[in-house]
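Step one of this worksheet: look at the structure below.
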Amino acid sequence: MIAVKVEQLVLSNKGFVVLLKGESDPRTLPIFIGAAEAQAIHIHLNSMTIPRPLTHDLFKNVLDFLECRLMRVEVSDLKEGTFYAVLDLERDGTHMRIDARPSDAIALALRCAAPVFVAKTVMDEAGQVFEKEDGAKTAKAGKAKQAPKLTPIEELKRDIEKAIQEERFEDAARLRDEIKRLEKTHSGN
């Protein structure tokens with residue numbers, strides 16, 4: 001297993017991507033995740049406070065109440081383009097391993113201050129090495145430059161502008177609705 005940290009959360013043209021950077025490994029593992037999980041990770045990474053617990057906060061509260069500890073999270077497998085993860089839990093000396101989506105596992109690990117690991121086979125198959133070049137990160141082997149670090153809302157606003165310029169008004173409307181949903185969640189309404 002390779003120890004990793006959440007390096008960045010970005011919005012690509014295909015959706016949100018969480019980047020897991022190896023602590024002693026030069027590779028970074030990009031994993032596409034849903035908007036709700038991206039929001040949960042973003043809220044924690046930016047130390048935002050919300051008036052009511054989100055799903056991952058609720059799950060952590062339940063674990064705490066049950067005196068169950070999240071020992072670690074493992075991105076354990078990659079099958080047909082789908083990543084798999086495992087929650088390694090401990091309660092009263094008993095260890096339990098529970099299947100989870102990587103996005104949920106990462107959001108929970110952040111809240112529980114639990115370490116995150118990636119199986120070497122997964123990193124070998126999907127990990128990428130990014131090099132610093134002119135202040136921007138680029139993937140080795142000619143991959144496209146990474147977008148500058150923006151909040152999910154800033155990225156959605158940028159994507160709306162592009163959709164309008166390209167006259168993709170249905171996409172722009174969908175992005176507008178996503179921004180409204182995120183802003184409503186952030187304001188606590």
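For region 38-57, the tally of residues that are more than 15 Å from Ala113 (Cβ to Cβ) and hydroxyl-bearing (Ser, Thr, Tyr) stands at 2.
Here the condition is being assigned by TED's automatic domain parsing to the domain that holds Arg27 and either closer than 27 Å to Leu29 by Cβ or at pLDDT below 75 (or both); of Glu133, Glu167, Glu154, Glu178, it holds for Glu133 alone.
For region 104-124, indicate whether the set of residues that are surrounded by fewer than 12 Cβ atoms within 10 Å (Cβ to Cβ) and modelled with pLDDT of 90 or more is non-empty. Yes, there is a match, as at least one residue in region 104-124 is surrounded by fewer than 12 Cβ atoms within 10 Å (Cβ to Cβ) and modelled with pLDDT of 90 or more.
Is it the case that some residue within region 71-79 is outside any strand (DSSP E or B) and of a type outside the set (Lys, Arg)? No, there is no match, as no residue in region 71-79 is outside any strand (DSSP E or B) and of a type outside the set (Lys, Arg). Among residues that are surrounded by fewer than 20 Cβ atoms within 10 Å (Cβ to Cβ), at pLDDT 85 or above and either assigned to a strand (DSSP E or B) or β-branched (Val, Ile, Thr) (or both), Glu67 is not included.
The values are calculated or read from the model by the stated rules, or taken from the named source; none is laboratory data. Just so it is clear, the model here is predicted, and its values are computed rather than measured. Note that we place each Cβ from the backbone using ideal geometry, even for glycine, and neighbour counts take in every protein chain shown.
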